[in-house]
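Colleague: Below is a structure I'd like to ask you about.
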């Protein structure tokens, strides 16, 4: 259902509020570049510091701007199962095509608790769900055998895998049904994950270089492995520069360098430090992105 390149959109701010015009322009930029989906209100979208009203509004703006030209997978995760259900219901009502839900953070549920969390959301919403496994932010890891249990839930259609372990991802792909979409959650692992059976990437870097990342994924899927590898290697300096500080600090700085958004970011995150900003500027110029 969801495959290819889905961009984890930043949330632009202006004077402390969501910059809806800039957000709509970002959606247009992504669609023109040929991305296969849009993911508002994820980690890259600073969902942790959005109010509930802002969260809902961002989803509505992106759905309206996309106008059905690309699927919208709204970030609706929470460490509160009730809150995740409410956010997911809103995304469904707003016209999104699916929801991306981070594994509960801070609570540190058991593997059985993780399954129960997603099962409750699936049961209460009847909406296509993508699991998001990112142990570095949640303090828990969804193991391959647990993911296989989640894949048996009708509404759970895929996973964004950001565990950083290609062996674990390989075992997850081997255990899950063929139709279950395994998407890389790390840009640097996009091509390796494709090579072991993944179907795409939910990308931060495609905020900045959507056409290039789309070309890389499509080249691989068309069997042009040499072209895909060349693009992967060409993009490596960008992947490094965009994660030199906590995401989304660098990607917001990159878009600000091009005048697409303001660099405003919410505490406790701070703007990109000057040495890393210069590094990012150099990389973007070398890639023709500035």
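Colleague: Determine the equivalent ellipsoid of region 221-290 by diagonalising the alpha-carbon gyration tensor, then write out the semi-axes as square roots of 5 times the eigenvalues, largest first, rounded to whole Å.
Modeller: The equivalent ellipsoid of region 221-290 has semi-axes of 26, 12, 11 Å.
Colleague: Roughly how many whole Å is it from the C-alpha centroid of region 34-85 to that of region 154-216?
Modeller: What the calculation gives is 19 Å, centre to centre.
Colleague: May I pose another question? How many nm is it between the label spots at residue 274 and residue 174, if each spot is 7 Å from the Cα in line with the beta carbon?
Modeller: Distance between label points: 5.2 nm.
Colleague: I'd like the per residue volume of the convex hull spanned by the Cα atoms of region 4-222, given in cubic angstrom. Don't jump to the answer; show the numbers that get you there.
Modeller: On the way: hull volume 23.5 nm³, N = 219.
Once divided by residue count, the hull of region 4-222 is 107 Å³.
Colleague: State the extension gain, in nm to one decimal, for the chain segment bounded by residue 266 and residue 289, taking 0.36 nm per residue of separation less the distance between their alpha-carbons.
Modeller: Contour length minus the Cα-Cα distance gives 5.7 nm.
Colleague: What residues from region 169-193 fall in the zone where the backbone N is under 15 Å from a label point 7 Å along the Cα-to-C-beta line of residue 1?
Modeller: Correct set: 177-183.
Colleague: Do the sum for the chain: with -39,500 (n - 2.57) for every DSSP H run of n ≥ 4, divided by all residues, what is the mean residue ellipticity at 222 nm, to the nearest 500 deg cm²/dmol? Before the final figure, lay out each step's value.
Modeller: Numbers: 12 runs with 137 residues, N = 290.
Counting only the DSSP helices, I get -14500 deg cm²/dmol.
Colleague: Further question: Would you mind getting me the FRET efficiency between residue 154 and residue 281? Use the beta-carbon distance for r and R0 = 41 Å, nearest 0.05.
Modeller: 0.30
Colleague: For region 250-290, count the residues as N, evaluate 2.2 N^0.38 Å, and divide the Cα radius of gyration by that value, please. Before the final figure, lay out each step's value.
Modeller: On the way: Rg = 10.2 Å, N = 41, 2.2 N^0.38 = 9.0 Å.
Cα Rg divided by the expected 2.2 N^0.38 Å: 1.14.
Colleague: On full extension of the chain, what length is gained from residue 14 through residue 67, given 0.36 nm per residue of separation minus the C-alpha to C-alpha distance?
Modeller: Full-extension gain reported as 16.7 nm.
Colleague: Run the numbers for residue 167 and residue 120: contour at 0.36 nm per residue of separation, minus the present Cα-Cα distance, in nm.
Modeller: Between residue 167 and residue 120, full extension yields 14.0 nm more.
Every read-out reported here was derived from the displayed coordinates using simple, explicitly stated rules and does not represent laboratory data. Note that the coordinates shown come from a computational prediction; the quantities given were computed from them, not determined experimentally. Cβ: placed from backbone, ideal geometry, glycine included. Neighbour counts: every protein chain shown.
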